[in-house]
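Engineer: Quick one: structure below, then a few questions.
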Amino acid sequence: MRPGNRWLFRIRLACLLAALLCLCGCASFGRGVTEAVLASQGRDQDDRRQCMVDGEAFSGLAPLLRAQADQGAIVAGDTGRHTTKLVYIHGIGVHQPGHGARLLRSLAQELGLDVRADLTKRIVLAPPAPPERPMGEVNFARVVDTERRRELIFVELTWDAITLPEREAMAFDASAVHTSQRAALNQSIRNFTNNVLPDPLAFAGNRGGDILDAVQQTLCWAVSTSWDALPAKTQGVRCEESPSPGARVGADDLVITTHSLGSRATVDALQKLAQSAAQAAAAGSQPSPPFAGFSEKTITLFMLSNQLPLLEAGRDPQLITGRRQDYCGADAPKAPGRFLGRLDMVAITDPNDLLSYPVPQRWVDEYLDSRLCVNVRNVIINIAPVRSLPVFGEFADPLAHTGYVGDPRVIALMTGGIGHDEALPLTVERCSWVEVDPGLN
């Protein structure tokens, strides 16, 4: 992004988020009143929150784990065993290691993975170049079924430390000198602002490169090591310096789940890798070893709330767009030049979430790198219930942004997908599906 565009983007983003915060403040202010009204209407009514899926059928995690059962019981040290890894990348706000525990618990319960490893394995990320600075950390957790035939490796990135200096620079604002001068409600809004606003601004500024590198390193570690080969703690080592970078690309399934700003960071990281691979090919060298096998790999990306269209504002366009037919598919004329075999993007959005957007396929073709071979499905789902309030009309909590991982329908879609016989009953009963057939184009 050019410097002028970057500053324009940051100014626009700051203004927009300030407006959103005002709206959120108004919603919070009225919450005490509306809760009383909602209580008077009764909360035991049938749950009629919408769930609409638009796109091709897709499978979730369950079929991937089921395929492991034919390998027999898990044996320690069996590096040839096929497994499934789920990478989870957080978004704006303060996060500590373990922030993905609720998602992992929900998925494990739905998948029948009732046994976990006592140890969580930790990788402290190293910067790509001096000076030494915090880059966040990656934690690996392992859950299996009671028969030890199916397993899920949960790979959690916490990049919070990268933008910590920006929040610390405003720490003075939390002192009594300043808080004592504000009304309580305004102070609550100010706390929210100071916690989350630095992240998107820093991402658009000089911290974006480090966040993208943290995502790339997380993906690299996920496809480079088995659970048994990973030490309890790794520090001061870049993934490309590990004993076997990219060794698991063909051996393991890879699924990515992102939340909020984590979606933009992940897509940008993949686009940056695609461009690096193209530059390496143009120079007559091989792509980076950890990702050399991605051109034949299918990755599913579940985006729980995203700002892809919003955060595209002010950016320079990708070098190759609108050419999916040239790169994607077995018979595509430029298939050797693609970065991913296929990226199955599932955008899960509450239409009342002020910080989430649907992602039409036309938008994908126009703005995202064609070499990622993105095929998008959109899930429009009410995380927060829509209520009818006297005087105000219909209302839903605009801060539904944080509720995705707690919604059973979201977990069911991630587990069993939709549009096939193995979809979970909850999905079939509660979600409608409009199939998209590319063959009709």
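The values are calculated or read from the model by the stated rules, or taken from the named source; none is laboratory data. A quick note: this is a predicted structure, and the numbers were derived from the prediction, not measured. Neighbour counts run over all protein chains shown; Cβ positions are idealised from the backbone, glycine included. Accessible surface is based on the protein model in full, side chains and every heavy atom, while ligands, DNA and RNA are left aside. Shrake-Rupley method; radii C 1.70, N 1.55, O 1.52, S 1.80 Å.
Engineer: In whole Hz, with x marking every Gly and Pro, tabulate ³J(HN,Hα) for the stretch 377-386 from phi via Karplus 6.51 cos²θ - 1.76 cosθ + 1.60, θ = phi - 60°.
Structural biologist: 10, 10, 10, 9, 9, 7, 6, 8, x, 8
Engineer: Run the helix sum for the chain: -39,500 (n - 2.57) per DSSP H stretch of 4+ residues, divided by residue count, reported at 222 nm to the nearest 500 deg cm²/dmol.
Structural biologist: -10000 deg cm²/dmol
Engineer: Once you keep just the Cα pairs under 8 angstrom separated by 6 or more residues, what percentage relative contact order results for the stretch 116-206?
Structural biologist: 19 percent
Engineer: For a label point 7 angstrom out from the Cα of residue 281 toward its Cβ, which stretches of the stretch 347-385 have the backbone nitrogen within less than 16 Å?
Structural biologist: Output list for this probe position: 369-374.
Engineer: Further question on the same structure: Return the sequence-ordered ³J(HN,Hα) values of the stretch 126-134 in whole Hz as given by the Karplus equation 6.51 cos²θ - 1.76 cosθ + 1.60 applied to θ = phi - 60°, using x for Gly and Pro.
Structural biologist: 9, x, x, 7, x, x, 5, 7, x
Engineer: List every residue whose amide H lies under 5 Å from the amide H of residue 246, counting only residues 5 or more places away in sequence or on a different chain, with H placed 1.01 Å from N in the peptide plane.
Structural biologist: Here the answer is 224, since their amide H atoms fall under 5 Å of that of residue 246.
Engineer: Hey, rough spin-label estimate for residue 429 and residue 109, points 7 angstrom out along Cα→Cβ, what's it come to in nanometres?
Structural biologist: Those two pseudo-labels are separated by 1.6 nm.
Engineer: Rounded, prolate or oblate: which one fits the stretch 48-187, using the alpha carbon gyration tensor with axes a ≥ b ≥ c (rounded when a/c is under 1.5, else prolate when a/b beats b/c, else oblate)?
Structural biologist: prolate
Engineer: What is the percent carbon and sulfur in the accessible area of the chain, measuring with a 1.4 Å probe over the protein chains and ignoring ligands?
Structural biologist: Carbon-and-sulfur percentage of accessible area, whole number: 55.
Engineer: Sticking with this one: Normalised by the number of residues in the chain, what is the relative contact order in percent for Cα pairs under 8 Å and 6+ residues apart?
Structural biologist: Reported relative contact order: 22 percent.
Engineer: Using amide H atoms built in the peptide plane, which far-off residues or other-chain residues are under 5 Å from residue 346 H to H?
Structural biologist: 301, 302, 303, 377
Engineer: By a straight-distance test (C-alpha under 15 Å), which aspartates and glutamates pair with residue 334 as possible cross-link partners, with residues fewer than eight away in the same chain excluded?
Structural biologist: The qualifying aspartates and glutamates are 296, 326, 369.
Engineer: Taking a probe of 1.4 angstrom, what is the accessible area of residue 99 in Å², to the nearest 10?
Structural biologist: 50 Å²
Engineer: So, one more: Over the stretch 241-327, what is the relative contact order in whole percent, taking alpha-carbon pairs under 8 Å and six or more residues apart?
Structural biologist: 45 percent
Engineer: Once a ≥ b ≥ c are taken as the square roots of the eigenvalues of the Cα gyration tensor of the stretch 54-95, is the result rounded (a/c under 1.5), prolate (a/b larger than b/c) or oblate (a/b not larger than b/c)?
Structural biologist: In terms of gyration-tensor shape, oblate.
Engineer: Tell me whether the stretch 113-210 comes out rounded, prolate or oblate; compute the Cα gyration tensor, take square roots of the eigenvalues as a ≥ b ≥ c, and use a/c under 1.5 as the rounded threshold.
Structural biologist: It comes out oblate by the Cα gyration axes.
Engineer: Can you work out the accessible area per residue across the chain, with the rest of the protein chains kept in place, probe 1.4 Å, in square angstrom?
Structural biologist: Value returned for the chain: 46 Å² of accessible area per residue.
Engineer: Further, regarding this structure: Simple spin-label model, 7 Å along Cα-to-Cβ: residue 321 to residue 67 in nm?
Structural biologist: In this crude label model, residue 321 to residue 67 measures out at 3.3 nm.
Engineer: Among all the lysines, which ones have a C-alpha under 28 Å from residue 85's C-alpha, if same-chain residues fewer than 8 places away are not counted?
Structural biologist: Partners found: 121, 233, 272, 297.
Engineer: Of 370, 294, 382, whose Cα points farthest to the positive end of the dipole of the stretch 293-394 (charges on the beta-carbon: +1 Lys, Arg; -1 Asp, Glu; origin at the Cα centre)?
Structural biologist: Highest projection toward the positive end goes to 294.
Engineer: Follow-up. Placing unit charges on C-beta atoms (Lys and Arg positive, Asp and Glu negative, everything else neutral), compute the dipole magnitude of the chain about its Cα centre in debye, rounded to 20.
Structural biologist: For this selection, approximately 880 debye.
Engineer: Next question, about the same structure. Explain nothing, just the number: dipole magnitude of the stretch 219-277 about its Cα centre with +1 on each Lys and Arg Cβ and -1 on each Asp and Glu Cβ, in debye rounded to the nearest 20.
Structural biologist: Value, rounded to 20: 180 debye.
Engineer: Would you mind putting 303-316, 115-128, 174-187 in packing order, based on average other-beta-carbon counts within 10 Å, highest first?
Structural biologist: So the peptides 303-316, 115-128, 174-187, ranked by packing, come out 303-316, 115-128, 174-187.
Engineer: Show me the ranking of peptides 337-350, 190-203, 230-243 by mean Cβ neighbours inside 10 Å, starting with the highest.
Structural biologist: 337-350, 190-203, 230-243
Engineer: Return, ordered by residue number, the residues of the stretch 83-103 whose backbone nitrogen is under 16 Å from a label point located 7 Å along Cα→Cβ of residue 124.
Structural biologist: Once the point is set 7 Å along Cα→Cβ of residue 124, 97 turn out to lie under 16 Å by backbone N, inside the stretch 83-103.
Engineer: Okay, moving on. Using the Karplus curve 6.51 cos²θ - 1.76 cosθ + 1.60 with θ = phi - 60°, work out ³J(HN,Hα) for each residue of the stretch 47-53 in order, rounded to whole Hz, and write x for Gly and Pro.
Structural biologist: 6, 10, 4, 6, 8, 10, 10
Engineer: Still on this structure: Heavy atoms of the protein only, probe of 1.4 Å, neighbouring chains included. What is the accessible area of residue 272 in Å², nearest 10?
Structural biologist: Probe radius 1.4 Å; accessible area of residue 272 about 100 Å².
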